Amino acid sequence: MLRWLIVILIFNLTYIGETLNLVIPREEYTYIMKNNTKKLNKFNKISRDDLIYLAGFIDGDGSILAQITPAHDRLHKFQIRCTVVLYQDRRRAWFLQKMGDILGHGNLNNRNTSNWSWTIGARDEVRDLLLLIEPYLKIKKKLARIVIDIIERSKSVESRADLFKVMQLVDKTAEHTDSKTRVWTSLTAKIFWETGNRPEIKKKEAK
């Protein structure tokens, strides 16, 4: 089964650069897959049926997120944060814990009084999970592919220009999500680098 899964992953990811019109060559994805399939041990105990179910769950009641966040202790003052999040009503928090036990990674969080979430935020864990469920995703397949690309490119960031290119990929994820207007984008980060000015956060008008 693992051999079959690797073949499917390589077939899908080989054409990401063409499908999304990204600048990364197809041969680089082949290199990524050859190096990462050996490391997919964080989640390799998950059955194919569970991977299919998990993909459907994320398509419906989950999120695949990539965000630009300020990080004043970092050289370029920003970092890229990638997460996979599962959501449920608090009455079904037990189910999130069950899913978490299957995954073996992540944390249960009480988002508010009515909603709970299971969050996977470690970069390599997010990548490994997305590589496994990508063949089974329907709605968020392209989003998963972009986030895999973001994580891989983030590892080789050495300059502000490198980081800016990754930020542009983060901007691209907004096309595949229902997220509200983002405060930090590649444009607002560039303005901050050049002027030190932060973007204005619009406050909700009182009714």
task = Pull up all non-local amide H partners of Asn115: gap of 5 or more, or a different chain, and H-to-H distance under 5 Å with H placed in the peptide plane.
result = Arg90
inquiry  = Checking the table Lys45/Lys138; Lys142/Lys165; Lys45/Lys141; Lys98/Lys155 against a 30 Å threshold on Cα-Cα, which pairs fail?
reply    = Lys98/Lys155
note = Going residue by residue through the stretch 175-187, the Karplus relation 6.51 cos²θ - 1.76 cosθ + 1.60 with θ = phi - 60° gives ³J(HN,Hα) values, rounded to whole Hz and with x marking Gly or Pro, of 5, 10, 10, 9, 5, 6, 4, 8, 6, 9, 10, 4, 5
query = Over all distinct alpha-carbon pairs, what is the Kirkwood Rh of the stretch 37-165 in angstrom?
reply = 15.5
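The numbers here are math on the coordinates, done by the rules we state, and not lab data. This is a predicted model, so every value here is computed, not measured.
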